[in-house]
Every structure is written in structure tokens, then in C-alpha cells.
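Enquirer: Quick one: the structure is below, and I'll ask about it shortly.
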Amino acid sequence: MGDLEKQVRILFQGDDIGISKTINKMSRDIHGFGDGLEDIGEPFASAAEKVAILSAAIAGIAIAGLNASADIEAESEKMQASLGLPAEEAERFEEIAKKVYSSGFGEDLSSAFDAATTAQKRFGDETDESLQGIIEKSMTMQKVFDVDYAETMAGVSTLMSNFGMSSEEAFGFVTKGLQDGLN
């Protein structure tokens with residue numbers, strides 16, 4: 001029998017016990033390795049699913065961002081028309097309104113812009129930080145005491161101009177009055 005024939009018999013018929021055992025062991029090892037690949041594949045499949053979900057979420061965030069940008073543009077134009085201010089001055093109040101809204105005040109972007117418009121009409125000479133504080137305090141009082149923020153601003157403005165109070169003092173005075181039921 002030739003060498004080639006002997007090698008084929010050894011490999012496929014298991015004539016050589018040692019080689020046959022080695023081949024069987026290799027076969028089991030390869031099968032086990034294949035099973036291991038299946039186990040490895042599961043986290044990758046799971047990760048692929050999570051990437052797809054994340055990708056959809058990112059797309060949703062981008063769409064929401066575009067919608068918010070369009071809302072801001074519309075509110076800015078409305079504010080500028082309402083106040084009759086040059087674009088640069090209106091941008092100042094747009095920034096204040098965005099800060100107010102991003103700080104969690106106002107039920108929606110529109111209410112933050114409306115409050116900023118009202119604040120500009122009553123307190124236009126105040127600093128940006130002061131205006132933001134006035135808007136936020138007025139909106140807080142609206143939630144806490146169920147009073148309109150525009151009415152609160154009107155009261156605070158009156159106290160400041162007629163009695164020389166600071167905005168802090170005026171808000172303290174109005175708050176105390178509301179706490180005591182003087183609304």
C-alpha cells in the first residue's frame with residue numbers, strides 16, 4: 001500500500017489510534033470553538049440592536065432640535081414685532097427667554113418668550129441677569145400662588161417705581177402679601 005493510501009486510511013478510517021484520537025479531539029475542539037463563536041455572536045447582535053435604537057434616538061433628537069430651532073425663530077420674530085425693537089435688541093431678550101426656558105421655567109417655549117416680552121416692557125432698563133431673575137420669580141409665583149406672571153410683574157414694577165424698592169424687596173413684599181391671602 002502506498003504512502004498516500006496509508007495516510008488516507010489513517011485519516012479517515014482511524015487505522016492509527018493516536019492520530020485518530022488527535023483528529024477526533026481536533027474535531028471536538030473545532031465544534032466547541034464554533035459553539036463559542038455563537039456565544040460571542042450574541043453580545044454583538046445585542047450591541048447591533050442597541051446601536052440601531054441609539055441611531056433612531058439620535059435621529060429623533062435631531063428632528064426635535066430642528067423643530068425647536070423653528071419654534072425659537074417664530075417666537076423671536078413675534079417678540080421683535082411685539083416690542084418694536086431693532087433685531088439686535090430683540091436678540092438680547094431672545095437669549096434671556098431661552099435661558100429662562102432652559103432653566104426649567106415656563107410650560108413651553110412660547111410662555112418663556114411671552115414672559116420675556118412682558119418683562120422687557122416693564123423692566124427694559126434692568127440687566128440681563130436681573131430680567132432673567134424677575135421672569136423666573138414671576139413664573140414661580142404663578143405656579144405657587146396661581147397668579148398671572150404679568151400681574152406679578154406689574155405689581156413688582158409699581159413697587160419699584162413708586163416706593164423705590166429693589167426687585168428683590170418688591171418680590172418679597174408681593175410674596176408675603178400672597179402668603180397672607182392679600183391677593
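The values are calculated or read from the model by the stated rules, or taken from the named source; none is laboratory data. Only a predicted model underlies this, so the values are computations on that prediction, with no experimental measurement involved. Heads up: the accessible areas ignore ligands, DNA and RNA and are worked out on the full protein's heavy atoms, side chains in. Shrake-Rupley method; radii C 1.70, N 1.55, O 1.52, S 1.80 Å.
Enquirer: Got a number for the accessible area of Leu182? Probe 1.4 Å, square angstrom, nearest 10.
Expert: Accessible area of Leu182: about 140 Å².
Enquirer: Then there is this: Accessible area of Ser130, 1.4 Å probe, to the nearest 10 Å²?
Expert: 30 Å²
Enquirer: If you don't mind, there's one more thing I want to ask. Whenever you get a sec, line up Tyr149, Tyr101 from highest to lowest accessible area (probe 1.4 Å, protein heavy atoms).
Expert: On the way: Tyr149 35, Tyr101 95 Å².
Result, largest first: Tyr101, Tyr149.
Enquirer: Just list whichever of Lys99/Lys143; Lys78/Lys143; Lys78/Lys121; Lys98/Lys176 have alpha carbons separated by over 22 Å in the model shown. Could the numbers behind the result be given before it?
Expert: On the way: Lys99/Lys143 18 Å; Lys78/Lys143 25 Å; Lys78/Lys121 14 Å; Lys98/Lys176 29 Å.
In this structure, Lys78/Lys143; Lys98/Lys176 lie more than 22 Å apart at Cα.
Enquirer: Taking only protein heavy atoms into account and a 1.4 Å probe, give the accessible area per residue of segment 103-183 in Å².
Expert: Values: 4330 Å² over 81 residues.
Ligands and nucleic acids excluded, the result is 53 Å² per residue.
Enquirer: Further question on the same structure: To the nearest 10 square angstrom, how much accessible area does Asp180 have with a 1.4 angstrom probe?
Expert: 90 Å²
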